[in-house]
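Read the structure below first, then the notes.
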């Protein structure tokens, strides 16, 4: 043992110059980059690549089973003069604006209601989510039956009550059909808005309301000057998502009307599918879906800049 | 596939015209037409009898009169005007072609914008006014359901309505009252039905091309094919003339009409060239939307025709 103890300590290895590799190895950003790679690869392969491919396809005359050739903006020029395309743009905007506005109003109302103290609160909150949980196609099929031209339960009930003599032509009349699909979309979308806004409402501190009560604020003033300003960031996020989901809706329409009657409920997404997949004109279909991008970007921008603005978030004079 | 087609064609009395046109490119067979999916007039005899038509009308004016009478008796007819891939395309192409109006001529030049199309549109409009309400929203299953529920008394469909009624013990009466008839023939003076042919294909890259061919030939031999048709209960029709005597067509006299589906149909392209372009035009509901636009009053006849012409010209460029 002694010799070990006596053996001279190995001289400390000399400190060598840090190589570029060493620097890199200890660089936090470099490490961070590698941690990000999986997520990035995922996003690139499953989001950026399909999006890019879709835009590229819209400049070609690709058909199913056949590579397309670059044809410039021919698809867009064709769509510019296509009355069905513009009808679908109109339908999409109508569908999105009406459905989103009503979804917001009803959702906010429900959220405020559910935020109150009441019996069976937990149960009620869970029940509100049901339309959101049911697979869209299932609920769409149910609505399709409810609005069927021959077997509609609504027509049947009204007929038996003696209020009407003939079935209401729910999905065969363009105005009725639009009302029906918008109604179905609202039914499906309200829970998402309601529950998210409810989450927002719960973050508002009760002390603010107490203070307001002491100052003698009315219920409306409390909502207008406390709840609403504090809720705006959430509203912006929720409505952005709601608008995006509604704008790109496909399943409801496809299951209920296939875009009919006479294209009165064709949305851009369903028209794109019909042209691209069913009729095989991939290029044209891609052009229709690419035409949705500016609208969607606009919707995102509105909420993005809305979120950035503190004034909007925190009330009038706070910049 | 040429050898298979020649072998079967010689042995079984030749291929039907439409089936051969659908599967051939030039002189070569790309696939073997294995069957045609027939759809025919399906009607309730009690209703047409009451309307004063002991026999199902054989021409367009008679058919219109019958539909008017059916409506007057509150036993309406109904044909899909929605995006029903099979039903709507089927009856509207029949109607269009019956008036000697075509999407494209034999050189694939678009000729939809014609006085004949105008006549077809006017006829369809008059006809659609006799329909049960809601046809504009119909898909392929709507007329089946309405017919089986006893609300619809005449429509165009595959044999499925009758088969469903026959196999449902509670619908015995309805099944007995259900009859089938050939499409009435238009001013053109010959059948202009649209019944789709189903080809069977073998991949170019298959390792065993001869096995694939042998299987196709085997499947269409009498021993197998009779049974196969039987299993399809009349839903599928032979494309080889010799099978007209297949047992399925005589087992139930009401099946007999469907035996002619492959013989009476035109290819899906009408008088034009069958192929991708014709398929695209059908899949994009161009003819259906043209009729629906006019019949529902969304557009006038001229505008509906011009829109269809514009879309067709793009497909057939």
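The numbers here are math on the coordinates, done by the rules we state, and not lab data. This one's a predicted model, so the numbers in the text were calculated from it and none came from an experiment. When we count neighbours, we look across all protein chains shown, and the Cβ atoms used for this are built from the backbone with ideal geometry, even at glycine.
Averaged over peptide B:128-137, the number of partner chain Cβ atoms lying within 10 Å of each residue's Cβ comes to 6. Using only Cα atoms, find the angle between the long axis of helix A:83-115 and the longest principal axis of chain A, and express it within 0 to 90 degrees, rounded to the nearest 10. Rounded to the nearest ten degrees, it is 70. Each peptide among A:195-208, B:284-297 gets the average number of other Cβ atoms lying within 10 Å of its residues, and from highest to lowest they stand as B:284-297, A:195-208.
Ranked by the mean number of other Cβ atoms within 10 Å of their residues, highest first, the peptides B:241-249, A:132-140 fall in the order B:241-249, A:132-140.
Neighbour counts of C-beta atoms inside 10 Å place A:15, A:300, A:278 in the sequence A:15, A:300, A:278, starting with the fewest.
Site pair residue B:74 and residue A:154 shows an inter-label distance of 2.5 nm when each label is modelled 7 Å from Cα along Cα→Cβ. Take each residue of peptide B:268-280, count the partner chain Cβ atoms within 10 Å of its Cβ, and average: the result is 1. Taking all Cα pairs closer than 8 Å and separated by 6 or more residues, the relative contact order of segment A:1-152 comes to 6 percent.
Between residue A:248 and residue B:2, the simple spin-label model (points 7 angstrom out along Cα→Cβ) gives 5.1 nm. Compared with the dominant principal axis of the Cα atoms in chain A, helix A:174-202 is inclined by about 40°.
Here the residues B:154, B:67, ranked from fewest to most Cβ neighbours within 10 Å of their Cβ, fall in the order B:67, B:154. Suppose R0 equals 30 Å; then what is the FRET efficiency for residue A:83 and residue A:241 from their Cβ-Cβ distance, rounded to the nearest 0.05? It comes out at approximately 0.45. For the pair residue A:27 and residue B:114, label points projected 7 Å from Cα toward Cβ lie 7.3 nm apart. For residue A:18 and residue A:64, the difference between the fully extended length at 0.36 nm per residue and the C-alpha to C-alpha distance is 10.9 nm.
When the label point is put 7 Å from the Cα of residue B:219 along its Cα-to-beta-carbon vector, which residues of segment B:26-48 have a backbone N closer than 15 Å? Correct set: B:30-37.
For the residues of A:178-184, the average number of beta carbons from a partner chain within 10 Å of their own beta carbon is 0. Mind running the shape call on chain B? Use the C-alpha gyration tensor, a ≥ b ≥ c as the square roots of the eigenvalues: rounded below 1.5 for a/c, prolate if a/b tops b/c, oblate otherwise. It comes out oblate by the Cα gyration axes. Only Cα sites of the protein assembly as shown enter the Debye sum here, all with the same form factor; the resulting log10 I(q)/I(0) across q = 0.05, 0.08 1/Å is -0.34, -0.74, listed in q order. Here is how the number arises for chain B: DSSP H runs of 4 or more residues each give -39500 (n - 2.57), the sum is divided by the residue count, and the result at 222 nm is -13000 deg cm²/dmol. Only residues of segment A:216-258 count here: report those whose backbone N is under 13 Å from the spot 7 Å along Cα→Cβ of residue A:204, or say none. A:218-235, by backbone N distance to the label point. First check a/c for chain A, with a ≥ b ≥ c the square roots of the eigenvalues of its C-alpha gyration tensor; if it is under 1.5, answer rounded, and if not, answer prolate when a/b is larger than b/c or oblate otherwise. Judged from the Cα gyration tensor, chain A comes out oblate (a/c at least 1.5, b/c at or above a/b). Of the peptides A:125-131, A:82-88, A:210-216, the order by per-residue mean of other Cβ atoms within 10 Å, starting with the highest, comes out as A:82-88, A:125-131, A:210-216.
Our helix-only sum for chain A, with -39,500 (n - 2.57) per DSSP H run of n ≥ 4 divided by its residues, gives a mean residue ellipticity at 222 nm of -20500 deg cm²/dmol. Quick check on segment A:1-152: take the gyration tensor over C-alpha atoms, sort the square-rooted eigenvalues as a ≥ b ≥ c, and tell me if it's rounded (a/c under 1.5), prolate or oblate. It comes out oblate by the Cα gyration axes. Between the helical axis of A:136-146 and the longest alpha-carbon principal axis of chain A there is an angle of about 10 degrees.
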